[in-house]
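Heads up, the thing below is written out as structure tokens.
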Amino acid sequence: MLRPVASSARQDPGITWGNSIVGLSDAARGTDPVTGEGERTGPHGAATRNVVADNELQKRVRDYYDTTQRLYSRIWSPEALHYGLWYPGTKTRREMLRNTDRRIARELGLRMGSRILDAGCGIGGTSLYLAEQLHHEVVGVTLSTVQLQQARRRAAASRAPIMPRFERRDFADTGFADGSFDGVFAIESVCHAGDKRAFLREAHRLLRPGGRLVLADGFLAGEPSGRDLVDYRTFVDGLAINDLEPIERFRESVLREGFVELAEFDMRDNILAAARSIERLSRIGVAVCRLPCRLGIFPREWLAHGLAGTVQRRLFVEGTLRYRILSATKP
């Protein structure tokens with residue numbers, strides 16, 4: 001059943017709503033509701049059982065972020081890794097990134113003090129925003145040890161009423177108790193999953209009835225060919241992504257896993273300013289590090305990462321890639 005969704009004309013302080021594409025609807029273990037029985041918590045509430053059974057793709061993703069996080073922090077932002085959302089009046093990269101945080105919070109639509117999972121938390125920027133500004137109880141998970149260390153350092157310095165917790169876990173198999181979260185969100189992290197439906201199943205399991213799922217990510221528009229295929233492989237290979245999901249298939253998967261009230265927003269135009277900045281910085285980075293990377297002075301991942309940045313804007317402009325925000329509810 002179709003339902004109306006927000007149009008691009010709808011406004012919120014500091015936020016616009018992008019181009020709405022479709023709105024669809026369809027008819028624990030122990031005393032700690034998050035960690036479950038048998039897990040002990042250490043400093044800052046972090047569970048001591050941070051076990052990730054690395055498969056080949058997970059190891060690749062982990063190694064990618066362990067190697068490139070310093071580039072993200074020094075060149076892009078010390079707070080975030082993702083694209084920012086540009087709206088009229090946005091003046092800085094930091095404002096674009098903050099717009100993303102606000103949009104995620106708006107789509108979650110949860111009361112103050114809700115328990116939220118940040119699935120693929122990076123260095124914890126959005127988690128900290130939700131904890132500090134909206135007083136949510138946030139748990140972030142990442143595969144990267146480097147990101148985990150940075151996120152925990154930032155949490156220790158935070159003045160949030162409830163300190164965010166960060167753990168090293170697989171977001172498709174967290175080990176958290178059933179129904180232990182009011183919201184789950186993922187910003188440009190589900191793209192790394194080999195099995196996207198496994199993540200959706202886990203999110204559905206973790207959410208309480210009425211809980212909200214929000215994602216912001218890139219998707220395939222169709223099957224790329226020619227130059228688009230070459231650039232697409234440069235993009236995904238450089239970012240440790242196996243393959244992006246066609247948006248139609250992912251939309252169907254959300255509903256098949258039991259979610260309802262699916263809303264989808266086309267945010268391509270809102271991320272193009274960030275995409276231009278990434279392209280410009282990447283061209284400079286490739287020029288600087290191409291030879292040192294090939295000689296083994298710098299990690300080879302840096303060059304692949306930079307090359308991915310040089311092609312991503314064109315893929316979005318040409319329509320090979322789409323950038324979407326999706327939200328859904330567990331009935």
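For LYS330, LYS59, what's the fewest-to-most ordering of other Cβ within 10 Å of each Cβ?
LYS59, LYS330
Could you give the length gained on full extension between ALA156 and ARG93, defined as 0.36 nm per residue of separation minus the Cα-Cα distance, in nm?
Working: separation 63, 0.36 × 63 = 22.68 nm, distance 2.50 nm.
Full extension of this stretch gives 20.2 nm more.
Run the simple label-point estimate for VAL260 and ALA198 please: 7 Å along Cα→C-beta, distance reported in nm.
2.9
Neighbouring Cβ atoms within 10 Å as the yardstick, rank ASP66, ASP237 fewest first.
The most exposed by this proxy come first: ASP237, ASP66.
Quickly work out the VAL317-to-ASN242 label distance, labels modelled 7 Å from Cα along the C-beta direction, and quote it in nm with one decimal.
Taking the two extended label points, one gets 3.2 nm.
At what distance in angstrom do the alpha carbon centres of region 182-196 and region 57-73 lie from each other?
Measuring centre to centre over Cα atoms gives 16 Å.
Under 11 Å from a label point 7 Å along Cα→Cβ of ILE284: give me every residue in region 64-84 with its amide N that close.
What the label zone holds, given the 11 Å backbone N cut-off, is 75-76.
For region 196-271, what does the alpha-carbon gyration tensor say about shape, rounded, prolate or oblate, given a ≥ b ≥ c as the root eigenvalues, a/c under 1.5 as rounded, and a/b over b/c as prolate?
It comes out prolate by the Cα gyration axes.
How many angstrom separate the Cα center of region 286-331 from the Cα center of region 227-275?
14
Treat the count of other C-beta atoms within 10 Å as a stand-in for reagent exposure and order TRP86, TRP76 from fewest to most.
TRP76, TRP86
Within region 193-214, find all residues whose amide N lies under 14 Å from a label point positioned 7 Å from the Cα of SER253 along Cα-to-beta-carbon.
Residues passing the 14 Å test: 193-204.
Cα-based Rg of region 154-242 per 2.2 N^0.38 Å, rounded to two decimals?
1.37
Coordinate-derived values only; no laboratory data. Only a predicted model underlies this, so the values are computations on that prediction, with no experimental measurement involved. Note: ideal-geometry Cβ built from the backbone for every residue, glycine included; neighbour counts use all protein chains shown.
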